[in-house]
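Report on the following structure.
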Amino acid sequence: MTLATLTGYAGLLAALALLIWLALRGINIVFAALLSATVVIVSNGLPVAAGLGDYFAFGPLGAFTFAGRFFLLFAAGAMFGRVMGDSHAASSIALAMVRRLGPTRVLWITVLSTALLTYGGVVVFVVIFAMYPLGVKLLQQADIPKRLFCAALALGSGTFTLTALPGTPSIHNVISSAALGTDLFAGGWLGALGSLIMFGLGMWYLETQRHRAIASGEGFQPGPMDRHIAIDPGESGHPHWALALLPPVLVLSAILLPRVLTALLGEGTGAGYQLLAFAASQPVIWPSLALFGGTLVAVLLFREVRHKALHSIGEGTQDSILPLINTAAVIGFGGVVTHTDGFQQFAQLMLGSGLPPLLSMFTSISMISAITGSASGGLQIFMSTMADSYLAMGIEPATLHRLATMAAGGFDSLPHCGAVVAMLTITGLSHREAYRDVGVVTVVIPVVATLTCMLVASLL
């Protein structure tokens, strides 16, 4: 192994450690991603101009490639969240739910609601924006710390419904299906077992932390970005909960129904079917349009926000910029990493490691997802470069589909993960405040679930 190769490996590890350390220290994530990407570029001998101007900014995993693709979704989600908060519609729904279900079930409500949405095909970023206004009010009513809401949101939207539950239409499941020629229910029994483990351990952890928070006197504290939601004139100024529920129901129905109807109706013709097919095939544009529509409905329904509609919508648009740029910067770091020789050589090293095939596969995809900070990005790289080799080792396609998909959803959620950065930015929390809980439910528990499923698969 040459000195240049050793330097490249050391640079990759140092850059990843630096990015995680800076994120945990609360340093601006855009600066942290740029600095860490520069370390990768210099230590691996990449051209500086191409590294920063192409790989980081405009490559397949570039920051502005991501920002351009998801801009409408972030903007529409933030607009909807701002209008639901300013109109006190979120407050009305939260109060009604707490009255009927009790404040102790807030975390269960959050996990099950977000799990239903993501299993229905709703993009994680949409779920964060759609749930946040309601979640803030639920937390306020139940006096539960915001860090636990983040963990509940992450458990429901970013674990078992994305990688383990059979049939999920998530991009992760689709990537494995397209690469291996399997269907979305491949390895179903392994996925069901993994889902039960993730959900069961996740809820046990959340409830344990809730009881500890109560015992220590830790409660809800609104952040600077959600005071417009958490502070309102009192229940007398709220719309009726049933009316307040209409905009989010319309938004979620508009997102979910096209997928359900196209699955039930099968192939068809005509303008109506073409619209349904278009809606079901658009994971970003159609949810964005649905959120825009929900914002318009909320403005028309609620007089509290009608007289200042343009101001609220404008403030919502502004709210979207910081989460979008922060997330994009971390994605750009992963784009630089994938262009290094060390990253390519790692794949070859794992294939020739001599480890049992399942363990080698788990290690490979875990490392790729950890470095790129992306489960979908790591899975796509793995399927295009390494999957055939593992099939040749004797792993059945259905087993590889499910276990690889689950493995991608573990170490991807380290502190530099784009979705984690977006969620913390949207909720106004730092890594220091919230990442411990998020890390347990999105890294530790999914890894335990995947290793357990691997052990069962190898025995049976």
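Would you work out the relative contact order for the range 151-203, in percent, from Cα pairs under 8 angstrom that are 6 or more residues apart?
Relative contact order for the range 151-203 comes out at 39 percent.
Which residues does the label zone of ARG303 cover in the range 77-103, counting backbone N under 16 Å from a point 7 Å along Cα→Cβ?
Within reach of a label on ARG303: 87-89.
Using only helices, what value at 222 nm comes out for the chain when you add -39,500 (n - 2.57) per DSSP H run of length 4 or more and divide by the total residues, to the nearest 500 deg cm²/dmol?
-24000 deg cm²/dmol
Going by average Cβ neighbours within 10 Å, how do the peptides 69-79, 52-62 rank, with the highest at the top?
Descending packing order for the listed peptides: 69-79, 52-62.
Among LEU162, ALA290, SER43, whose Cα sits farthest toward the positive end of the charge dipole of the chain (+1 at Cβ of Lys/Arg, -1 at Cβ of Asp/Glu, about the Cα centre)?
In the chain, that residue is ALA290.
How big is the charge dipole of the range 258-396 about its Cα centre, in debye rounded to the nearest 20, if each Lys and Arg gets +1 on its Cβ and each Asp and Glu gets -1 on its Cβ?
Taking the Cα centre of the range 258-396 as origin, the dipole is about 480 debye.
From the phi of every residue in the range 21-33, what ³J(HN,Hα) in whole Hz does the Karplus formula 6.51 cos²θ - 1.76 cosθ + 1.60 yield, where θ is phi - 60° and glycine or proline is x?
Per residue, the Karplus-derived 3J(HN,Hα) values read 4, 5, 4, 5, 7, x, 6, 3, 6, 5, 4, 4, 5 Hz.
Placing +1 on the Cβ of each Lys and Arg and -1 on the Cβ of each Asp and Glu in the chain, which of LEU73, GLN221, ASN173 has its Cα farthest towards the positive end of the resulting dipole?
After comparing all options, I get GLN221.
Whenever you get a sec, compute what percent of the accessible area on the chain sits on carbon and sulfur atoms (1.4 Å probe).
68 percent
Would you mind getting the accessible area per residue of the chain, heavy atoms of the protein chains only, 1.4 Å probe, in Å²?
Using a 1.4 Å probe on heavy atoms only, each residue of the chain averages 40 Å².
Roughly how compact is the range 308-449, stated as its Cα Rg over 2.2 N^0.38 Å to two decimals?
1.23
Please list, in order along the range 160-165, the HN-Hα scalar couplings obtained from phi with the Karplus expression 6.51 cos²θ - 1.76 cosθ + 1.60 (θ = phi - 60°), rounded to whole Hz, x for Gly and Pro.
After applying 6.51 cos²θ - 1.76 cosθ + 1.60, I find 5, 6, 8, 10, 10, 4 Hz.
How long are the three semi-axes of the equivalent ellipsoid of the range 125-209, in whole Å, if each is the root of 5 times an eigenvalue of the C-alpha gyration tensor, listed from largest down?
So the three semi-axes of the range 125-209 are 30, 16, 7 Å.
Per 10 Å bin from zero, what fraction in whole % of the C-alpha pairs of the chain is there, up to the bin with the longest pair?
4, 21, 30, 27, 14, 4, 1, 0
Might you report the magnitude of the Cβ-based charge dipole of the chain about its Cα centre, with Lys and Arg at +1 and Asp and Glu at -1, to the nearest 20 debye?
In total the dipole reaches around 760 debye.
Please compute the contact order of the range 370-426 in relative form: average sequence separation of alpha-carbon pairs under 8 Å and at least six residues apart, divided by the residue count, as a percent.
Worked out over the range 370-426, it gives 56 percent.
Using the Karplus curve 6.51 cos²θ - 1.76 cosθ + 1.60 with θ = phi - 60°, what ³J(HN,Hα) values do you get for each residue of the range 418-425, in whole Hz, with x for Gly and Pro?
Result, ordered by residue: x, 5, 5, 4, 4, 5, 5, 5 Hz.
Per Stokes-Einstein, at 37 °C and 0.692 mPa s, what whole-number D in µm² s⁻¹ belongs to the range 356-407, with the Kirkwood radius over Cα pairs as the hydrodynamic radius?
Value of D from the Cα-based Kirkwood radius: 308 µm²/s.
What is the helix-to-structure angle for 124-142, meaning the angle in degrees between its Cα long axis and the longest Cα principal axis of the chain, kept from 0 to 90 and rounded to the nearest 10?
With both axes taken from Cα atoms, the answer is about 50 degrees.
Using only alpha carbon pairs under 8 Å that are at least six residues apart, calculate the relative contact order of the range 390-460 and give it in whole percent.
41 percent
The values are calculated or read from the model by the stated rules, or taken from the named source; none is laboratory data. Note that the coordinates shown come from a computational prediction; the quantities given were computed from them, not determined experimentally. Because the Cβ atoms are built from the backbone with ideal geometry, glycine has one as well, and the counts that use them run over all protein chains shown. Keep in mind that these areas ignore ligands, DNA and RNA; they rest on the heavy atoms of the full protein, side chains included. Shrake-Rupley method; radii C 1.70, N 1.55, O 1.52, S 1.80 Å.
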